[in-house]
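Here the structure comes first, spelled out in structure tokens, and everything after it is commentary.
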Amino acid sequence: VLKKIYTLVFLRNEKKILLGLKKRGFGINKWNGFGGKVEQNESVIEAAIREMKEECCVTVKKDDLKSVGQLEFTFEGDPVMMDVRVFSGVVYYGTPTETEEMAPKWFTYDSIPFDDMWPDDRLWFPYMLNNKLFYGKFHYKDLDTISNYDIRELKSM
Ligand SMILES: CN1CCN(c2cc(NC3CC3)nc(N)n2)CC1
């Protein structure tokens, strides 16, 4: 009802993480994982796989994607909560390719461009990068300002 579900996928290995520079729409000019809205006719995992293909031409498989976290965002004056399901994977097919939506680029873990990412990322990335499952809730006063948040490690998703 007053919640919209989104996916967010990160391809990672021991050395690097794939991010995309958003070229249009919500989050334009920010680096992020790949994802989008979950449509009515698809599961969350199907949406995650679809968005990877659409946004950077890479194929990921259901069995290779791990659900690693859930992020809930609320925004001052907006009744709809943004429910982002975060996935991480290692195995992919094809080559990350720029599309109209995203310009993909591999980053080493010491060069993640947090200043050019959503402000919440620096708060929950440490959980993902340390392979901890997480659940985070963030309230945004405006699109640049987190007014409060809570994040906790989960024992299972
Ligand atoms: C389809 N996209 C996937 C990613 N997503 C967000 C949001 C976000 N913070 C919220 C204040 C906006 N932070 C990250 N890292 N991703 C929004 C919806």
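Just to be sure, is Ser88 polar (S, T, N, Q), under 20 Å from Lys37 (Cα atoms) and in a strand (DSSP E or B)?
Here the answer is yes, as Ser88 does meet what is asked.
For region 4-20, which residues satisfy the criterion of being part of a strand (DSSP E or B) and away from the ligand (no atom under 13 Å from the Cβ)?
Within region 4-20, Leu11, Arg12, Lys16, Leu18 meet the criteria.
Of all residues in region 27-45, which are at positive phi and open to solvent by 30 Å² or more (accessible area, probe 1.4 Å)?
Residue satisfying the conditions is Asn29 alone.
Scan region 31-50 and report the pairs whose first residue is over 26 Å from Phe114 (Cβ atoms) and whose second residue is surrounded by fewer than 16 Cβ atoms within 10 Å (Cβ to Cβ) and basic (Lys, Arg), with Cβ atoms within less than 7 Å and a gap of 6+ or a chain change.
Going by the 7 Å Cβ cut-off, the qualifying pairs are Ile45/Lys62; Ile49/Lys62.
Only one of Tyr149, Tyr135, Tyr140 is open to solvent by less than 40 Å² (accessible area, probe 1.4 Å), hydroxyl-bearing (Ser, Thr, Tyr), part of a strand (DSSP E or B) and in contact with a strand residue (DSSP E or B) (Cβ under 9 Å, 6 or more places away or on another chain); which?
Tyr140
How many residues does region 71-95 hold that are away from the ligand (no atom under 12 Å from the Cβ) and either free of Cβ contacts under 8 Å to residues at least 40 places away in the same chain or touching a Phe, Trp or Tyr at 6+ places or on another chain (Cβ under 8 Å) (or both)?
So the answer is 7.
For the subset of region 47-63 comprising residues that are within 12 Å of Leu8 (Cα to Cα) and among the acidic types (Asp, Glu), which member is surrounded by the fewest Cβ atoms within 10 Å (Cβ to Cβ)?
That would be Glu51.
Please work out which residue is farthest from the ligand (Cβ to nearest atom), limiting yourself to region 103-134 and to residues that are charged (D, E, K, R) and more than 18 Å from Tyr92 (Cβ to Cβ).
Across region 103-134, the extreme among qualifying residues is Asp110.
The values are calculated or read from the model by the stated rules, or taken from the named source; none is laboratory data. Computed from a prediction, not measured in an experiment: that's the story for all the values here. No Cβ is skipped: glycine too gets one built from the backbone with ideal geometry, and neighbour counts run over all protein chains shown. Only protein heavy atoms, including side chains, enter the accessible area calculation; ligands, DNA and RNA are left aside. Shrake-Rupley method; radii C 1.70, N 1.55, O 1.52, S 1.80 Å.
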